[in-house]
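See structure below.
Rule-based calculations on the coordinates, nothing more; no lab input. Quantities reported herein were computed from a predicted structural model and do not represent experimental measurements. Methodologically, a virtual Cβ is constructed for each residue, glycine included, from the backbone with ideal geometry; neighbour enumeration extends over all protein chains shown.
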């Protein structure tokens with residue numbers, strides 16, 4: 001099976017169950033290219049893989065995408081599983097956790113790279129503050145000052161200015177009312193400006 005065809009089958013392989021089987025035995029069969037075994041293994045681990053990734057990423061769309069990448073990697077690399085080092089489930093979850101963390105790091109790297117342009121492109125009443133913050137500060141100082149915000153302020157600022165979400169999207173992602181998100185974002189940007197300004201004067 002090619003990588004492309006395996007990817008297309010990932011959400012359609014749930015048929016062909018032939019009774020219960022040990023996950024380690026299924027993994028051995030998958031390593032030999034057994035698509036039926038992969039279908040049964042998929043049914044066993046896919047919901048838990050998604051749940052683990054979702055806890056790391058929090059964004060449902062990204063979590064679903066990464067979970068599919070994990071299961072594709074399981075199909076492609078099943079031969080690397082070593083039962084002497086742990087269970088098949090543990091091996092799959094290790095891959096899932098690594099993939100989720102890699103996605104978080106990639107998002108942060110992209111956010112650092114696009115902070116200035118992202119802040120300037122979002123139409124909010126606080127763009128002047130964001131432009132001031134983005135235009136004269138180093139990334140390290142920005143990260144330091146972000147750490148000084150409250151959790152909700154930091155989440156709102158990062159989601160809006162680093163990841164390009166709208167106010168309603170931010171409110172949904174953080175589970176807060178829209179007016180609360182707007183107020184916290186305003187306060188957070190003001191605190192960022194003050195913190196970063198102090199860093200420049202120092």
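Highest average first, the peptides 27-34, 81-88, 186-193, 145-152 ordered by how many other beta carbon atoms sit within 10 Å of their residues are 186-193, 27-34, 145-152, 81-88.
With a cut-off of 20 Å on the backbone N, the residues of segment 74-107 near the modelled label site 7 Å out from residue 32 along Cα-Cβ are 74-84, 88-89.
If R0 is 41 Å, the Cβ-Cβ spacing of residue 77 and residue 183 corresponds to a FRET efficiency of close to 0.30. Using 0.36 nm per residue and subtracting the Cα-Cα separation, the extra length available between residue 22 and residue 194 on full extension is 56.1 nm.
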